[in-house]
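Sharing a structure below in structure tokens format, with a few things to ask.
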Amino acid sequence: MEFKVGDVVVHPGHGMGHIVRLDTKRLSGEELRLYYEVSTDKSTVWVPANSDNTISLRLLTTKADLGRYRAVLESRPEALNKDHRQRRLELVDRLRGGSFQAVCEVVRDLTAHGWHKPLNDTDSAWLRKARGKLCEEWAAADGISVVEAAQELGALLLQAQQTYLGDAAK
């Protein structure tokens, strides 16, 4: 995918940012390559412009797509692996691509995992990180504050909890 200067993009590891410029650089002794300079809140990231690697940029989710993601958050959660090491590997794998859908699913599934018993420290940290990224992008896409986005996401997840824990009680 090609981006232009000013595009708001999401990097799977660094979060939201915007394209500052397109520049030719020699990084790590490699030959000259074309890079996007992406400015995030915390850093500047150089992403190869014509790369097939797994670290890829994507455009910010659109406001029109949020309805679909609301449905994902309210949908039946997938059970997570009971083994904490395997669960961590699976979460890393799901989030590696950086899709907004994957972040929504991980937040939904980790939240639901905590409905049955308290999350361990690692799962809690993963949930905080994923939920923070989700709220940040949701707020930017919807034109609302991060606090308002967090409240909306909390309400959607509470609705899912009432629906699916209520089903289990029947």
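Hey, V92 hits all of (1) modelled with pLDDT of 95 or more; (2) in the same structural domain as L156 (by TED's automatic domain parsing) but one; which does it fall short on?
Unmet condition: (1).
Out of the residues in the stretch 69-124 that are among the basic types (K, R) and touching a residue at least 12 places away in the same chain (Cβ under 8 Å), state the one that is nearest to A140 (Cα to Cα).
At the first step, the residues of the stretch 69-124 found to be among the basic types (K, R) are 70, 76, 82, 85, 87-88, 94, 96, 108, 117.
Those still in the list that are touching a residue at least 12 places away in the same chain (Cβ under 8 Å) too: 70, 76, 87-88, 94, 96, 108.
Details: R70: 15, R76: 26, R87: 30, R88: 28, R94: 23, R96: 21, R108: 20 Å.
Filtering first and then ranking leaves R70.
Taking L22 as meeting all but one of (1) assigned to a strand (DSSP E or B); (2) surrounded by 12 or more Cβ atoms within 10 Å (Cβ to Cβ); (3) more than 18 Å from the chain's Cα centre (by Cα); (4) free of Cβ contacts under 8 Å to residues at least 24 places away in the same chain, write down the number of the exception.
Result: L22 fails condition (4) only.
Taking only pairs six or more apart or across chains, which ones have beta-carbon atoms under 6 Å, a first residue in the stretch 30-47 that is within 15 Å of E2 (Cβ to Cβ), and a second residue that is in a strand (DSSP E or B) and at pLDDT below 85?
The qualifying pairs are Y35/K25.
Further, regarding this structure: Of everything in the stretch 110-125, what is surrounded by fewer than 20 Cβ atoms within 10 Å (Cβ to Cβ) and either under 18 Å from V72 (Cβ atoms) or more than 15 Å from the chain's Cα centre (by Cα) (or both)? Give them in sequence order.
Step one: filter the stretch 110-125 for residues surrounded by fewer than 20 Cβ atoms within 10 Å (Cβ to Cβ), giving 112, 114-125.
Once the filter is applied, which keeps residues that are surrounded by fewer than 20 Cβ atoms within 10 Å (Cβ to Cβ) and either under 18 Å from V72 (Cβ atoms) or more than 15 Å from the chain's Cα centre (by Cα) (or both), the stretch 110-125 yields A112, G114, W115, H116, K117, P118, L119, N120, D121, T122, D123, S124.
Next up: So, V103, is that one under 17 Å from the mean Cα position of the chain (by Cα), buried (at least 20 other Cβ atoms within 10 Å of the Cβ) and either modelled with pLDDT of 95 or more or farther than 27 Å from L59 by Cα (or both) or not? Give the derivation first.
Numbers: under 17 Å from the mean Cα position of the chain (by Cα): yes; buried (at least 20 other Cβ atoms within 10 Å of the Cβ): yes; either modelled with pLDDT of 95 or more or farther than 27 Å from L59 by Cα (or both): yes.
Yes.
Just give me the residues in the stretch 3-19 being over 23 Å from L134 (Cα atoms) and either within 18 Å of the chain's Cα centre (by Cα) or charged (D, E, K, R) (or both), in sequence order.
Initially, the stretch 3-19 is screened for residues over 23 Å from L134 (Cα atoms), giving 4-5.
Correct list: K4 only.
Would you be able to tell me the number of residues in the stretch 147-161 that are closer than 12 Å to R108 by Cα, in contact with a helix residue (DSSP H, G or I) (Cβ under 7 Å, 6 or more places away or on another chain) and free of Cβ contacts under 8 Å to residues at least 40 places away in the same chain?
0
So which of R108, R128, R68 is in contact with a Leu (Cβ under 7 Å, 6 or more places away or on another chain) and at pLDDT 95 or above? Even if it seems obvious, please write down each step before you answer.
Working: R128 fails: in contact with a Leu (Cβ under 7 Å, 6 or more places away or on another chain); R68 fails: in contact with a Leu (Cβ under 7 Å, 6 or more places away or on another chain).
Exactly one of R108, R128, R68 is in contact with a Leu (Cβ under 7 Å, 6 or more places away or on another chain) and at pLDDT 95 or above, namely R108.
Something else: Restricting to the stretch 81-98, count the residues that are touching an Asp or Glu at 6+ places or on another chain (Cβ under 9 Å) and closer than 30 Å to A64 by Cβ.
Let us first name the residues in the stretch 81-98 that are touching an Asp or Glu at 6+ places or on another chain (Cβ under 9 Å), namely 81, 84, 87-88, 91, 94.
Narrowing the set further to residues that are closer than 30 Å to A64 by Cβ leaves 91, 94.
Counting residues in the stretch 81-98 that are touching an Asp or Glu at 6+ places or on another chain (Cβ under 9 Å) and closer than 30 Å to A64 by Cβ gives 2.
The values are calculated or read from the model by the stated rules, or taken from the named source; none is laboratory data. Remember, it's a predicted structure, so these values are computed and weren't measured experimentally. Here Cβ is always computed from backbone atoms with ideal geometry, including for glycine, and neighbour counts include all displayed protein chains.
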